[in-house]
Amino acid sequence: MGSEYSPSLRSGLPGLIFILETAFILIFYFCFSYECQSQSEDLTIYPAFQDVSVMVILGFGFLLAFLKRYGFSSTGFNLLIATLGIQWALLMEGFLFSSPSGKVKISLPSVAKATISVTAVLISAGALLGKANPIQLIWMAMVEVAAFSASRWINVQFLKVEEHTSLMHVHIFGTYFGLAASWWLYHSSLSKGVDKKKANPLSELFSMLGTLFLWMFWPSFNSVLIVDVTEKRNAISNTYYAMGVSAVAAFALSALSSRDGKIQMIHIHQATLAGGVALGFSAPFIPYPWIAMILGLLASNIAVLGSRCLEIYLNPVLKIHDTCGIHYTFGLPGLLGAIANVILFIIIKWASLSSLGYPVLIEVGSFMLTTAIGLGAGFITGFFLTFKLWKTLPASKYFDDQAYWEFPHLAHGF
Amino acid sequence: MGSEYSPSLRSGLPGLIFILETAFILIFYFCFSYECQSQSEDLTIYPAFQDVSVMVILGFGFLLAFLKRYGFSSTGFNLLIATLGIQWALLMEGFLFSSPSGKVKISLPSVAKATISVTAVLISAGALLGKANPIQLIWMAMVEVAAFSASRWINVQFLKVEEHTSLMHVHIFGTYFGLAASWWLYHSSLSKGVDKKKANPLSELFSMLGTLFLWMFWPSFNSVLIVDVTEKRNAISNTYYAMGVSAVAAFALSALSSRDGKIQMIHIHQATLAGGVALGFSAPFIPYPWIAMILGLLASNIAVLGSRCLEIYLNPVLKIHDTCGIHYTFGLPGLLGAIANVILFIIIKWASLSSLGYPVLIEVGSFMLTTAIGLGAGFITGFFLTFKLWKTLPASKYFDDQAYWEFPHLAHGF
Amino acid sequence: MGSEYSPSLRSGLPGLIFILETAFILIFYFCFSYECQSQSEDLTIYPAFQDVSVMVILGFGFLLAFLKRYGFSSTGFNLLIATLGIQWALLMEGFLFSSPSGKVKISLPSVAKATISVTAVLISAGALLGKANPIQLIWMAMVEVAAFSASRWINVQFLKVEEHTSLMHVHIFGTYFGLAASWWLYHSSLSKGVDKKKANPLSELFSMLGTLFLWMFWPSFNSVLIVDVTEKRNAISNTYYAMGVSAVAAFALSALSSRDGKIQMIHIHQATLAGGVALGFSAPFIPYPWIAMILGLLASNIAVLGSRCLEIYLNPVLKIHDTCGIHYTFGLPGLLGAIANVILFIIIKWASLSSLGYPVLIEVGSFMLTTAIGLGAGFITGFFLTFKLWKTLPASKYFDDQAYWEFPHLAHGF
């Protein structure tokens, strides 16, 4: 990391994008077609699909826009890896989950599944925010989508996990993949507060905009693929109650955890969303609103406590730098949700099943498997990302739009 | 108001939030459950419900974000009191309007009703913007939701007002509650232009974003709870036409009312929305688009004239400081809508009813009752809010995020 | 253009708006009514209609907000001409396309058509951005909506073009109308880089917000009026794939076309949307996703290459100043889409038709006619707009909000 100039992306980025895009179009040409007869189901899920699309393209993009000199990259590269990742996820999904005869049929639900899968990449990108260049992000997106689809396929095929549940592993997978990858991009200077790393009130307000979009449309995220009407209604309502409680609790916990009772904006962003993450698995099955509310409360607690404690005590020891706190926003609440799901499963099935041991083992094994694949694949990918070939950025150029974007106006007075 | 330090919220805010939230969860535990069989109706209103949710969470939050040093509090506390208020409104709604046998059943329409009810609180918060701390806002939300639900119950139970109409009283109720409460928080320094009180171009642009979201989704607000297809279609269309005209007229009136023909952004924010407010009551019953358009034109006029005249002549006399002009945006257009509704009622029912006196009296009585309860409850609440116990802010700390939010960067250069 | 003061709009703007609005209300009074029996179709298209409304009101408004001192005018005047234009488009639509007996019936689909028609005006306004005052913009909106409706009527009536296709001519029409009109507002000083003309990072971020809203909801724009379920599904999916590819390609092309491999935000804004424009005509008929993807790739190429080459070589020669690059964003991709549509038409109908010459001639003639009417009407309108009567702005006051908006705070530190 000797050079203090940020390397030009001109030789690498366009070539990589064009090769991938040409490959995608060729694969689509040879292997994919629309369903001949469109079910009306396709159009029924369109509004909820749009909600999920808004979350992925706009919500995540602006959620990450809190760094004062990194707004272009946060929103722009989010669009880049989301759109590229969705195409790739469609292909992976098509090959792994379709019947082998003839061309793969794609429909709106398959695009919705691809969009949810790609959330894993966007979460991981949150940990690498400001440190990885677009070439690295694209490689990460390719590997991560493939690994997540494979993990999902193992879950569905061998552990007989339901497809919707397998998709909701996306938060856990994305987090641990991202954390493992960010270990390789760690630099000692990151533990000191770099000025550019900081937010300013305006960039935080843009981030609030993204947070609110995620908050508002999360019930669609947790319910878009559910077909049964009652389960869908429950998923929407439970997610809504859980997020309501976690938004409220975020303010209390943030004020409580600071010395002078002041609230930190970053806690609000993290903890309000934790409720929705925690509900991912169990939203359609929770029979009473109060259970969802308690889960939301716990998730919010975990997010704020994690942000206060882990960031100071654990991260420097493990040499992890998690730019936007994905561990507290998505990882820990996701684990909480997985555990809650197992407990709920035990309670609900208690009477009806003769032996609980085996199904519970499967449930637990399923999310531990996902975590393990995420950590492993992330670790390997992180190593791969450090190759000089990808025009890695020197640490002094981290968190700065000027490494990638042309500014006609030199004075960069955000 | 001697101390020049803003008191720490650490002892008050978390406690209050946790007590309320625990109480809510317990009440949900003992008294609430989902409908056993989900009607498909639930899912049919989901897109429109989302629109209303966007208005309440994002629209109001950013509409209020026009103060240059108060963006965090505007958007953040809006989220806080909206989510807390919706839970409380669900409870009030459940107890007052449900049949007494067994547990209260909640569904998506009941959440929609709660979301609309909570608009009253957000409107009142507009008058107190920058002057009330989160503890005061939470207390206000609790009292106001209860008072509004009670007022609605009286209207529905005794005056036989339709439920949808009773909900549309929300603008009038919120405005007069807020104005009465703000009388108690008046401080002589507020009449002078405080620098922090001012907007800057960027904060106004965020406010424009909120305004546009409110503008675009207002047809959903006026129609979400209507079941009859033709009435629903009319409510959507009429609201749309009225808001179109009031947006156009806002530009003309603003240019006309300034000396050099320049347009004020604040007029655009206020007057474009006035059309939607004025249509609240009568949107489903107006048979021709031109009537809606004339109402929109009148509402826009009232909003701009009110803003120009009342703010200078009336408010200082009454010792009211209405930070974001809710009186002109929601109050007066709401009254216009109520009066128009009565006139329309007389015209439509002229032939079919033998005696008009009594029903008209009921219509008039209904919105006068709402106004009276709003003013009374607001006045009492305002007095209650001045207690030192709630860590009231000294007037010198008004309109400043730094009283509540931690800024890692001290230079607050919005 | 001697005076260096920006003329007051007080005498002109309010009068013009009130005369138009009064005329509109009177025409609505005499000639328009709602459909007596509401079809449920009306409510079915409501969510997609809302998407289109968000694109027109919020998407275009913020897309144009990239000039650092012109954010109020970009978003505000966009709202003004959109709302005024939609009313006028409803009237034109009603008179030209309705059966002559009795009052014209309006429904939600007719409002959707009017909203799509008005896009032409918003595109043209992009070319004049910062140079035309609201009076000029309103006149332009009136003439352009009338001309576009007439052009559409000729296409539908004589060339037997389908109504949906005729509406999708809106991009081509708007572009060439706007370019022709902007020829008259050209000033030699515009070719030099004026400081005020520049963007700054924050205004670009607002523009990114608008771009993302346009990107996300474009599938609704291309499908809202289609009734057939399979065609609607195809239109949504094809548009989505095309825009995905053009977003990805935009990054590659922008990095490739700059010397040091840096990406220009303006390219991202323009090229990501090009895919949706190119799909306008053929979205419902494209049978395979890869065709849509290739079209998206080509459109993105054209947008970036156009932006790099035409702006430097062609525009100064033709004395055209195209503030926000509508020629590359909407015009050229629209032409590409029209040509692709003809080719697709030939391929699909090859076998089934005995003679292809005549239908192909009609298809080609139809979009050439639209272009010609657009250029002609724009040229005449541009001349008309230069009249001193409309309080034209001196070129030194271009690109500045202060010409129209009252700033309570003089220091305009965006």
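The values are calculated or read from the model by the stated rules, or taken from the named source; none is laboratory data. What you are looking at is a predicted structure, and each value in this text was computed from that prediction instead of being measured. Cβ coordinates were reconstructed from backbone atoms using ideal geometry, including for glycine residues, and neighbour counts include every protein chain displayed.
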Verdict on A:ALA127 being within 26 Å of A:ASP42 (Cα to Cα) and not hydroxyl-bearing (Ser, Thr, Tyr)
no
Which one of the conditions (1) within 9 Å of chain A (Cβ to nearest Cβ); (2) within 26 Å of A:PHE30 (Cα to Cα); (3) of a type in the set (Val, Ile, Thr) does C:ILE286 fail to meet, given that it meets all the rest?
(1)
Under 7 Å between Cβ atoms, which residue pairs at least 6 apart in sequence (or on different chains) link something in the stretch A:222-239 that is under 17 Å from A:VAL52 (Cα atoms) with a partner that is charged (D, E, K, R) and modelled with pLDDT under 90?
A:ARG233/B:ASP42
Do you know which residues across the stretch B:75-100 are among the small types (Gly, Ala, Ser) and part of a helix (DSSP H, G or I)?
B:GLY76, B:ALA82, B:GLY85, B:ALA89, B:GLY94
Could we say that C:VAL111 is farther than 23 Å from C:ASN315 by Cα, within 14 Å of chain B (Cβ to nearest Cβ) and surrounded by 24 or more Cβ atoms within 10 Å (Cβ to Cβ) here?
yes
From C:PHE72, C:PHE60, C:PHE66, which residue is surrounded by 24 or more Cβ atoms within 10 Å (Cβ to Cβ), farther than 19 Å from C:PRO219 by Cβ, in contact with a helix residue (DSSP H, G or I) (Cβ under 7 Å, 6 or more places away or on another chain) and not aliphatic (A, V, I, L, M)?
C:PHE66
Could you tell me whether the stretch C:368-381 includes any residue that is more than 13 Å from chain B (Cβ to nearest Cβ), modelled with pLDDT of 85 or more, surrounded by 20 or more Cβ atoms within 10 Å (Cβ to Cβ) and in contact with a Lys or Arg (Cβ under 9 Å, 6 or more places away or on another chain)?
yes
For the stretch B:269-288, check the following and say yes or no: at least one residue is surrounded by fewer than 24 Cβ atoms within 10 Å (Cβ to Cβ), farther than 17 Å from B:LEU64 by Cβ, in contact with a Ser or Thr (Cβ under 7 Å, 6 or more places away or on another chain) and aliphatic (A, V, I, L, M).
no
Residues located in the stretch A:43-100, provided they are polar (S, T, N, Q), closer than 18 Å to A:ILE135 by Cα and over 16 Å from the mean Cα position of the chain (by Cα)
A:SER73, A:GLN87
Restricting the stretch A:10-35 to residues that are aromatic (Phe, Trp, Tyr) and at the interface with another protein chain (Cβ under 7 Å from one of its Cβ atoms), which is farthest from the chain's Cα centre (by Cα)?
A:TYR29
Tally time: how many residues in the stretch B:199-215 are touching a residue at least 24 places away in the same chain (Cβ under 8 Å) and at the interface with chain C (Cβ under 8 Å from one of its Cβ atoms)?
8
Some residue of the stretch C:343-357 being crowded, with 23+ Cβ neighbours inside 10 Å, at pLDDT 85 or above and more than 18 Å from the chain's Cα centre (by Cα):
no
Restricting attention to the stretch B:227-248, does a residue exist that is part of a loop (DSSP other than H, G, I, E, B), farther than 28 Å from C:CYS31 by Cα and β-branched (Val, Ile, Thr)?
yes
What about C:ILE263, is it touching a helix residue (DSSP H, G or I) at 6+ places or on another chain (Cβ under 6 Å), of a type in the set (Val, Ile, Thr) and within 9 Å of chain A (Cβ to nearest Cβ)?
yes
Members of the stretch C:312-328 that are of a type in the set (Ser, Thr, Tyr) and assigned to a helix (DSSP H, G or I)
C:TYR313, C:TYR328
Run down A:GLY306, A:GLY296, A:GLY280 and say which single residue is within 20 Å of the chain's Cα centre (by Cα) and within 11 Å of another protein chain (Cβ to nearest Cβ).
A:GLY296
I'd like to check something: does the stretch B:405-412 contain any residue that is outside any helix (DSSP H, G or I) and either under 20 Å from the mean Cα position of the chain (by Cα) or at pLDDT 85 or above (or both)?
yes
Flagged pairs (Cβ under 6 angstrom, 6 or more apart or on separate chains; first in the stretch B:264-287, in a helix (DSSP H, G or I); second surrounded by 24 or more Cβ atoms within 10 Å (Cβ to Cβ) and among the aromatic types (Phe, Trp, Tyr)) are B:GLN270/B:TYR328; B:THR272/B:TRP215; B:GLY276/B:TRP218; B:VAL277/B:PHE330
Listed residues A:LEU205, A:LEU185; which is over 23 Å from A:ALA114 (Cα atoms), crowded, with 24+ Cβ neighbours inside 10 Å and at pLDDT below 95?
A:LEU205
Top-ranked residue in the stretch C:127-171 [being within 14 Å of chain B (Cβ to nearest Cβ) and surrounded by fewer than 23 Cβ atoms within 10 Å (Cβ to Cβ); ranked as nearest to C:LEU190 (Cα to Cα)]
C:ILE135
On the given criteria, is C:GLY331 buried (at least 24 other Cβ atoms within 10 Å of the Cβ), in a helix (DSSP H, G or I) and either within 15 Å of the chain's Cα centre (by Cα) or not small (Gly, Ala, Ser) (or both)?
yes
Restricting the stretch C:224-246 to residues that are closer than 22 Å to C:PRO109 by Cα and of a type in the set (A, V, I, L, M), the one farthest from the other protein chains (Cβ to nearest Cβ) turns out to be C:LEU225
